[in-house]
There are 2 protein chains.
Amino acid sequence: MQEVRLAIENARKPLVCGHVNPDADCLGSQLTMLTALRAMGKDAQLLLPSESVSGKYQGLLQLIPQEFLQLPRHLDDIDLIIVVDTALPKRINKPKELDLPPAAICNIDHHLGNENYGQINWVDPTAASCSQMVYTLLDTLGAKLTANEATLLYAGLHGDTCGFSLANTTHQALTVGASLARHGAKIGWVCQKLHRSLQIHEFKLMQVVYANTKLSECGRCAWSTVTQQEFLAVGAHPRDIDEQVLVPRSIQGVKIAILFSETKPGAVRINLRAEDEINILPLAKSLDGGGHAQAAGATQHGPFDDVVRQVTKIAIESLDHPESLRSTDMEKTNAN
Amino acid sequence: MQEVRLAIENARKPLVCGHVNPDADCLGSQLTMLTALRAMGKDAQLLLPSESVSGKYQGLLQLIPQEFLQLPRHLDDIDLIIVVDTALPKRINKPKELDLPPAAICNIDHHLGNENYGQINWVDPTAASCSQMVYTLLDTLGAKLTANEATLLYAGLHGDTCGFSLANTTHQALTVGASLARHGAKIGWVCQKLHRSLQIHEFKLMQVVYANTKLSECGRCAWSTVTQQEFLAVGAHPRDIDEQVLVPRSIQGVKIAILFSETKPGAVRINLRAEDEINILPLAKSLDGGGHAQAAGATQHGPFDDVVRQVTKIAIESLDHPESLRSTDMEKTNAN
């Protein structure tokens, strides 16, 4: 972390990036890093295409000055690229036509699979969230957190620990949470925005996901489905698929939960979650996907019903071969 | 708290009680208090009728020695009654035929409406959960928490803060959470048991609640319903009604959420939740119910559909008279 600190202290015009489909942890890390750098007097820029942020997370964008959200006009004099919460450089969230400037990359992340693609790499898979790492870094830099920054980082911590309920919830994560509360994090407000404020089409999507949930005969695999027609019928969009795989996952005894969504005719997005000792990553990889040991994804092409039938069959069969689905200790660390 | 400490230090045979329909906070407080007193060498007894604990919380009972769960055979020599998380003495969870022994009552609670019915009263409405108070007390008493006790108290804290997501989540609550994690609380395990392990009939009940959710024209009131017939059709029981009112509450803009469940033919249980500045308690009281400013309940008698129609009408009308539904600051503290 010392190397990161020095690089940031020396930077005059840093660019702050995150990953595509940004979630609460990515946004919390990215936005807080930006405003803290600005407060340090640096001419920091944000790289965050506004249309990439889903409706659920729009509330987080209100926590920083709106003029900070504009994409940078020119990047020639960027002297440091800070990338947060992003395992692979190809996942950096940027407009397609834009090339990153030729500055050094400072890579701050908690994904085990991080490829150490930066000139400076601080990758800590024991951190429950990247927001927790950003908190520690800013503390070391002597930054005074504002209430809005504390709120953003709390959103990230809360998001990646699923409300401090997953096995990745360490005492460090909770200690940082306590410190953020002491800095004035608006916990009730942000959690209402993130977890208790579904738009009507999002709620109707939940109705579909609940209604369509099925359980395998053996009780160890549960899945739900959303077809193109169902997306249209409730006025929802495939980008509204977020954590709905938690619905089939919520059933007792389920080891593998799957959500199938027809993102466009003939294309089926597959969200996979595993419980207990199960490692879902080999299954995801066999479907040309990727991710973590207990949270992974893939996309398959073909008639929707065929994909559902084939993938659930493979998932159930794989449960009979537990040797292929066992998590290593290292992978489990990164299971969120 | 000093008075409580002294009373506990002097007790030889204390009895530990909680409230009817015990939730995670009540059970976490009660079971931890019991095992900690036992570890101090006291002949502590538990008053917890086993059939009063819902299926969801059975996992918590596994965290203490099973012989501790037996109801006490005779109560003659009880020299202190410790009651946790219980606002009113009539809510103490005990077999109907049993009279409490004539010992002093030590009342430890975080409900604002607590009637200070004990000889010793420690009531702290700023505490997010009673488990947090029990942690502080045991710390003062010099008790060394076991991993199971830390797990139980974490369950209580997590439950009453809704995963550290409600406005009652203070930095103290999170600091205690961090300490419990340091004591070895099995966070992933207990949260899976509590939040990600629905039995099939509980899941089917959720499907019914989602499918039956309706939103008022004004968008400020949402409700769902479960009839006797629906309970039977999915193999569920009215005691399975717990926090399902969160379903209609999850819609953006909803100020009042209601769950109507037909507990027996002609009897309708009404769970009420409020958001923002709304105080639902006057509405609950007008229906002969009670509770907190933002979480209250009542029971009404009459044909199910009539009760639903009348109560939703009253709720929607009351939203047009905000002066009757404004929380005081003190009431808000107690809103969980």
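Miscellaneous remarks
- Dipole magnitude for segment A:91-246: about 400 debye, using +1 per Lys or Arg Cβ and -1 per Asp or Glu Cβ, origin at the Cα centre.
- Per residue, the average separation of C-alpha pairs within less than 8 Å and at least 6 apart gives chain B a relative contact order of 13 percent.
- Classification of segment B:2-195 by its C-alpha gyration tensor yields a rounded form. The axis ratio a/c (a ≥ b ≥ c) stays under 1.5.
- Nearest-ten-degree value, helix B:304-319 long axis tilted from longest Cα axis of chain B: 90
- Label point 7 Å beyond Cα along the C-beta direction, distances from B:Gln58 to other copies (nm, shortest first): 4.5
- Among A:Glu275, A:Glu217, A:Glu202, the residue with the largest mean-square fluctuation in a Gaussian network model of chain A, with springs joining Cα atoms closer than 10 Å, is A:Glu217.
- For segment A:2-195, the residue among A:Thr35, A:Met133, A:Ala150 whose Cα projects farthest onto the positive side of the dipole built from Cβ charges is A:Ala150.
- Euclidean distance between Cα centres, segment B:108-123 to segment B:161-190, Å: 23
- Low-density loop cleavage sites - trypsin sites (Lys or Arg not before Pro) in segment A:1-81, where at most 14 other Cβ are within 10 Å (DSSP): A:Arg12, A:Arg73
- Rounded to whole Hz, the Karplus (6.51, -1.76, 1.60) HN-Hα couplings of segment A:200-213, x for glycine and proline: 3, 5, 5, 5, 5, 4, 4, 4, 5, 4, 5, 4, 8, 6
- Residue with peak Gaussian network fluctuation, chain B [Cα springs, cutoff 10 Å], from B:Gln300, B:Gln229, B:Gln58: B:Gln229
- The spacing between segment A:249-283 and segment A:1-70, judged by their C-alpha centroids, is 31 Å.
- When both bridge partners sit in the protein assembly as shown, DSSP labels roughly 50% of those beta bridges antiparallel.
- Taking other C-beta atoms within 10 Å as the exposure proxy, B:Val20, A:Val208 rank B:Val20, A:Val208 from fewest upward.
- On the basis of the beta-carbon distance and an R0 of 35 Å, A:Asn10 and A:Arg182 show a calculated FRET efficiency of 0.70.
- By the count of neighbouring beta-carbon atoms within 10 Å, fewest first, A:Trp189, A:Trp122 end up ordered A:Trp189, A:Trp122.
- Residue with peak Gaussian network fluctuation, chain B [Cα springs, cutoff 10 Å], from B:Pro125, B:Pro238, B:Pro265: B:Pro265
- Label spacing, shortest first and in nm, from A:Asn10 to its equivalents in the remaining copies (7 angstrom along Cα→Cβ): 6.8
- Chain B Cβ-axis minimum, rotational copy A, residue and distance in Å: B:Gly163, 1
- Sequence-ordered 3J(HN,Hα) estimates for segment A:126-133 from the Karplus curve with 6.51, -1.76 and 1.60 and θ = phi - 60° stand at 7, 6, 5, 8, 5, 4, 5, 5 Hz, glycine and proline given as x.
- Position B:Met40: other-copy label points at 4.9 nm, ordered by increasing distance, label point 7 Å along Cα→C-beta.
- Relative contact order [Cα under 8 Å, 6+ residues apart], segment A:200-333, whole percent: 19
- Considering only segment A:200-333, percent of DSSP beta bridges that pair antiparallel, nearest 5: 75
Just so you know, all these numbers are worked out from the coordinates, no wet-lab data involved. Values in this document were obtained by computation on a predicted structure and should not be read as measured data. With ideal geometry, Cβ positions are generated from the backbone for all residues, glycine too; neighbour counts draw on all protein chains shown.
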